[in-house]
Amino acid sequence: MIVVTGATGNVGRALVATLAAAGEQVTAVSRQAAQVPDGVRHHRADLDDPASLRPALDGAAALFLLVAGGDPHAILKEAAGVGRIVLLSSQGAGTRPEVYRHPVQYEEAVRESGADFTILRPGGFASNSFAWAESIRTTRTAAAPFGDVGLPAIDPADIAEVAAAVLREPGHAGRTYELSGPAPVTPRERAAAIGAALGEPVRFVEQTREEARAQLLQVMPEPVVEGTLAILGTPTAAEQAVSPDVERVLGRAPRTFADWAARNVAAFR
Ligand SMILES: NC(=O)c1ccc[n+]([C@@H]2O[C@H](COP(=O)([O-])OP(=O)(O)OC[C@H]3O[C@@H](n4cnc5c(N)ncnc54)[C@H](OP(=O)(O)O)[C@@H]3O)[C@@H](O)[C@H]2O)c1
């Protein structure tokens, strides 16, 4: 049985569906009650309360773990005896460890757990563009800072497919995979791709750094806001690089942002 935390999120929902379709027994974990595919068990637990995970982990062969607060050592203590752990970390754990301390702590705890582990380090998700859903629906505009700085956004469906492969197949133990899309895409190009999927132009509005900072502070702690703005505005070469790891694991190129926009266009109509 495979336990998937974050099971209702952009990555987790696709992962649960992929594993269930492949005939795996799956326990989907999230804090809120949720609809899951037929045959999948759902368990409510909070990673901030590691003991709440325990009933889900009884008899589990593998765990997909996301970074969502809590003490990773206490979480992994509850997962003692689970043979394989796949951690959804973050590119920032490698490129800006002083900012992305929580993913770094999770990585350390997973490495020390004694389980076969694989670490996934994605960069920014294509699904971050859902933040534009309301403004595109209502005014056909999309606002972001650093409109011409490109980053290779990754489709959460690709993260889920990589995770499913790593959870089910041998040969990935001890590896860290950097996950990116196939090419850098700028915010301006992302807005245009959503417009193309809609069949109507979407106007891109470039925010100042300060406007973006104020908006991000509503949903992230200050050090993470600064780290995020640095990645978006002055990315390092590693943050802009296209990684070969999706293709290495799946045997095909990662999906494009245009593909993500076409599949998710309903959110912007
Ligand atoms: N977005 C990016 O650009 C990016 C980049 C690199 C890494 N990441 C990492 O990827 C992770 C997953 O992203 P996503 O887009 O799939 O997330 P998401 O759509 O926001 O979903 C988060 C999932 O985790 C569950 N969850 C949240 N807090 C929890 C807790 N304390 N205990 C148990 N479950 C909890 C949520 O369900 P409930 O609310 O019902 O619990 C939901 O199922 C992020 O958390 C982040 O660490 C994201």
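The values are calculated or read from the model by the stated rules, or taken from the named source; none is laboratory data. Since the model is a prediction, treat every value here as computed from it, not as a measurement. Here the Cβ is made from the backbone with ideal geometry for all residues, glycine too, and neighbour counts use every protein chain on show. For accessibility, only protein heavy atoms count, side chains too; no ligands or nucleic acids. Shrake-Rupley method; radii C 1.70, N 1.55, O 1.52, S 1.80 Å.
Things to note:
- When the residues of segment 20-44 are filtered to those that are of a type in the set (Gly, Ala, Ser) and touching a residue at least 24 places away in the same chain (Cβ under 8 Å), the one that is surrounded by the most Cβ atoms within 10 Å (Cβ to Cβ) is 28.
- Verdict on residue 242 being among the β-branched types (Val, Ile, Thr) and either surrounded by fewer than 20 Cβ atoms within 10 Å (Cβ to Cβ) or touching a His at 6+ places or on another chain (Cβ under 7 Å) (or both): yes
- Tabulated pairs, segment 102-121, first open to solvent by 30 Å² or more (accessible area, probe 1.4 Å), second assigned to a strand (DSSP E or B), C-beta under 6 angstrom, 6+ apart or interchain: 116/84; 117/85; 121/178
- Filtered residues of segment 110-136 (kept if in contact with an Asp or Glu (Cβ under 7 Å, 6 or more places away or on another chain) and either away from the ligand (no atom under 12 Å from the Cβ) or of a type in the set (Gly, Ala, Ser) (or both)): 123, 126
- Selection within segment 214-239: residues that are in contact (Cβ under 8 Å) with a residue 12 or more places away in the chain and small (Gly, Ala, Ser). The member of this set that is most open to solvent (accessible area, probe 1.4 Å) is 238.
- Any strands (runs of 3 or more DSSP E) falling wholly within segment 113-209 and containing at least 2 residues that are among the hydrophobic types (A, V, I, L, M, F, W, C): 116-122, 141-144, 203-206
- Test: residue in segment 86-97 that is open to solvent by less than 20 Å² (accessible area, probe 1.4 Å) and of a type outside the set (A, V, I, L, M, F, W, C): yes
- Within segment 145-164, considering residues that are open to solvent by 10 Å² or more (accessible area, probe 1.4 Å) and among the aliphatic types (A, V, I, L, M), the one farthest from the ligand (Cβ to nearest atom): 149
Table: residues versus (1) closer than 23 Å to residue 130 by Cβ; (2) of a type outside the set (Val, Ile, Thr); (3) within 19 Å of the chain's Cα centre (by Cα).
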{"position": "162", "(1), (2), (3)": "yes, no, yes"}
{"position": "176", "(1), (2), (3)": "no, no, yes"}
{"position": "206", "(1), (2), (3)": "yes, yes, no"}
{"position": "209", "(1), (2), (3)": "yes, yes, no"}
{"position": "220", "(1), (2), (3)": "yes, yes, yes"}
{"position": "239", "(1), (2), (3)": "yes, yes, yes"}
{"position": "247", "(1), (2), (3)": "no, yes, yes"}
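- Test for residue 254: is it at pLDDT 95 or above and surrounded by 15 or more Cβ atoms within 10 Å (Cβ to Cβ): yes
- Residue within segment 193-207 that is buried (at least 16 other Cβ atoms within 10 Å of the Cβ), of a type in the set (D, E, K, R) and more than 30 Å from residue 25 (Cβ to Cβ) present: no
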